[in-house]
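Asks: Okay, here's the structure, questions in a sec.
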Amino acid sequence: MILSLKQIRPQVFHIECASRRELGMLFLRYTEFYESKYDHIRGQRFTLVEQQQVYCREHLGSADANWTYTTDWSGYNIPARTIDEVHSLGIPDPNHYDSLMAGIYGMIKAEALGKEAYLIGTTKGCPVETLRHELTHALFCLNQDYRGDASAIIHSCGVLGHLCQILFDGNYPDKVHTDEINAYLTTGDAFFNVSDYEFLQHTEAYKMTKAALVELHQKYFMEFMA
Ligand SMILES: [Zn+2]
């Protein structure tokens with residue numbers, strides 16, 4: 001497979017793959033361990049067959065659905081330590097992507113020099129919004145001041161319940177809702193434009209929250225990328 005790994009910002013590592021399928025297969029086990037919506041997957045030992053079963057049955061709505069995980073998602077983001085957590089717990093059905101991730105973690109650890117590291121993944125030549133979205137997750141994780149300020153804005157948002165429901169329906173567990181609301185509202189919020197919620201983006205509460213997050217993001221993201 002064709003893949004590149006580089007340190008794109010201090011403590012932030014970026015994997016680029018030529019193919020969306022290869023990228024998805026590489027991140028699948030680690031992203032699902034970190035942020036699966038399902039309690040028997042997130043933070044647990046699980047097989048990829050178990051992930052496929054629940055993803056098809058619950059997220060795609062039928063046990064017989066085609067498993068489209070790798071085409072459904074265009075970018076990935078995890079704290080790098082997730083790789084170590086998965087391997088420490090033991091993988092019941094390892095494959096060559098797991099060997100590759102173990103090697104990648106070794107390289108990240110050597111470069112990060114004991115500091116917390118974040119890993120993002122996109123395809124080569126992806127839209128700039130996709131890369132900004134994943135980098136915003138890295139900034140949110142690594143910068144405590146930014147995370148605190150953004151979280152305060154989000155938690156006082158008048159339509160927070162609706163945003164969380166859309167994220168939950170869209171396969172995101174509670175633990176990443178604040179992080180995802182921040183990333184989507186600052187880098188492209190088409191995700192929240194879903195049927196039954198067309199009214200949402202026209203509410204004052206939504207517009208005010210988005211404007212406040214965008215202003216905050218501009219300041220921190222510019223420094224982050226400088
Ligand atoms: Zn995201």
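Asks: Look through the range 130-172, keep the residues that are farther than 15 Å from ALA212 by Cβ and among the aliphatic types (A, V, I, L, M), and return whichever of them is farthest from the ligand (Cβ to nearest atom).
Replies: Among those that are farther than 15 Å from ALA212 by Cβ and among the aliphatic types (A, V, I, L, M), it is LEU142.
Asks: Out of the residues in the range 15-47 meeting the condition of being surrounded by 20 or more Cβ atoms within 10 Å (Cβ to Cβ) and out of contact with any Phe, Trp or Tyr (no Cβ under 9 Å at 6 or more places or on another chain), tell me which one is nearest to ASP169 (Cα to Cα).
Replies: TYR34
Asks: Go through the range 68-96 residue by residue and tally those that are surrounded by fewer than 16 Cβ atoms within 10 Å (Cβ to Cβ) and either of a type in the set (S, T, N, Q) or within 19 Å of LYS6 (Cβ to Cβ) (or both).
Replies: So the count comes out to 4.
Asks: Pick out the one residue from ILE78, ILE91 that is out of contact with any His (no Cβ under 7 Å at 6 or more places or on another chain), over 22 Å from PHE191 (Cα atoms) and of a type in the set (Val, Ile, Thr).
Replies: When all the criteria are applied, what remains is ILE91.
Asks: Another one. What about ILE104, is it outside any helix (DSSP H, G or I) and buried (at least 16 other Cβ atoms within 10 Å of the Cβ)?
Replies: Taking the combined requirement at face value, the residue does not satisfy it.
Asks: Further question on the same structure: With away from the ligand (no atom under 13 Å from the Cβ) and at pLDDT below 95 as the only criterion, which of GLY103, GLY114 stands out?
Replies: GLY114
Asks: If you don't mind, there's one more thing I want to ask. Give the residues of the range 34-86 that are in contact with a strand residue (DSSP E or B) (Cβ under 8 Å, 6 or more places away or on another chain) and more than 16 Å from the ligand (Cβ to nearest atom), sorted by residue number.
Replies: Residues satisfying the conditions are ALA80, ILE83.
Asks: Considering only the range 1-55, how many residues are more than 20 Å from GLU134 (Cβ to Cβ) and not in a loop (DSSP other than H, G, I, E, B)?
Replies: Of the residues in that region, 8 qualify.
Asks: Suppose the filter is surrounded by 13 or more Cβ atoms within 10 Å (Cβ to Cβ) and either under 26 Å from THR122 (Cβ atoms) or touching a residue at least 60 places away in the same chain (Cβ under 8 Å) (or both); does LEU200 pass it?
Replies: Here the answer is no, as LEU200 does not meet what is asked.
Asks: What helices (runs of 4 or more DSSP H), lying completely within the range 118-172, carry at least 3 residues that are buried (at least 16 other Cβ atoms within 10 Å of the Cβ) and in contact with a Leu (Cβ under 7 Å, 6 or more places away or on another chain)?
Replies: So the answer is 144-155.
Asks: Turning to a different aspect of this structure: Just name the residue that is farthest from the ligand (Cβ to nearest atom) out of those in the range 203-226 that are surrounded by fewer than 16 Cβ atoms within 10 Å (Cβ to Cβ) and of a type in the set (Val, Ile, Thr).
Replies: Here the residue is THR203.
Asks: Moving on. In the range 173-188, how many residues are surrounded by fewer than 18 Cβ atoms within 10 Å (Cβ to Cβ) and away from the ligand (no atom under 11 Å from the Cβ)?
Replies: 3
Asks: Considering the range 130-168 alone, what residues qualify as being aromatic (Phe, Trp, Tyr) and closer than 11 Å to ASN182 by Cα?
Replies: Result: PHE140, TYR146.
The values are calculated or read from the model by the stated rules, or taken from the named source; none is laboratory data. Just so you know, these numbers come straight off a predicted model, no measurement behind them. Every residue, glycine among them, receives a Cβ derived from its backbone with ideal geometry; neighbour counts consider all protein chains shown.
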